[in-house]
1. Mind counting the residues in region 159-172 that are surrounded by 15 or more Cβ atoms within 10 Å (Cβ to Cβ) and in a loop (DSSP other than H, G, I, E, B)?
2. Any residue in region 136-156 that is touching a residue at least 60 places away in the same chain (Cβ under 8 Å) sitting within a Cβ distance under 6 Å of a residue that is open to solvent by less than 30 Å² (accessible area, probe 1.4 Å) and part of a strand (DSSP E or B)? List the pairs, counting only those 6 or more apart or interchain.
3. Filter region 76-107 down to the residues that are open to solvent by 80 Å² or more (accessible area, probe 1.4 Å) and not in a strand (DSSP E or B), then identify the one that is modelled with the lowest pLDDT.
4. Can you confirm whether region 108-120 contains a residue that is at negative phi and in contact (Cβ under 8 Å) with a residue 40 or more places away in the chain?
5. Here is a list: G60, G72, G66, G114. Which entry is farther than 26 Å from Q163 by Cα and either at pLDDT 95 or above or open to solvent by less than 40 Å² (accessible area, probe 1.4 Å) (or both)?
Amino acid sequence: MINLNSYISDKNFFIKNTLFVLQFIELRHFYLRNSSASIQMKALLILTAIAMISLSACNGSGKLEGKWLYAGGVYNGKKEGGTEGYQLQRTYTDKKFEAVMIEDGGEPQKYQAGDYEIDGNTCTETETFSTQPSKLTNVPVHYNYQIKNDTLILEGKLPTGMQVEEHWTKMK
């Protein structure tokens, strides 16, 4: 099955999609001028289906909902790999997120939770709970986000000044 989210997160998706639709409109006019009624009807139905799929794909922005596993990142230009001996997981629901740490063989321990909003390619997270004292509690943090295949990429500058690019892999 095709994962539309990977196409939607592509910055050139809208341009590619628009060119694709325009080519089909041109093709539709050609068939309508040069075909029998049966072929015209089939072409019209196919083009309508393609247009509906394209329009519905443009309305989505790659939902965050689900569980994500930390896979590494870049912090102030320094690349760091995934974790060893424990996992960091994030779960996004409709408008909330929760982060847990799971040590090998252990139970999940919640370390962070909060609210988030999506606006275009911006994800704004507001931490409302942290097990550690944090300067980020109740402070909105704005990330540019994208979903490529099964990877969520969050890029931004924290209020502390740190530049971050985190990679989270979708859990099945």
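The values are calculated or read from the model by the stated rules, or taken from the named source; none is laboratory data. Every value quoted in this text rests on a predicted model; they were computed, and no experiment measured them. Here the Cβ positions follow ideal geometry from the backbone for every residue, glycine too, while neighbour counts run over all protein chains shown. Each accessible area value is taken on the protein alone, full model and side chains, heavy atoms only, with ligands, DNA and RNA left out. Shrake-Rupley method; radii C 1.70, N 1.55, O 1.52, S 1.80 Å.
1. Matching residues across region 159-172 total 0.
2. Listed pairs, sorted by first residue: Y145/C123; Y145/L154; Q146/I153; L152/W68; L152/W168.
3. Checked region 76-107; the qualifying residue modelled with the lowest pLDDT is G105.
4. yes
5. G60
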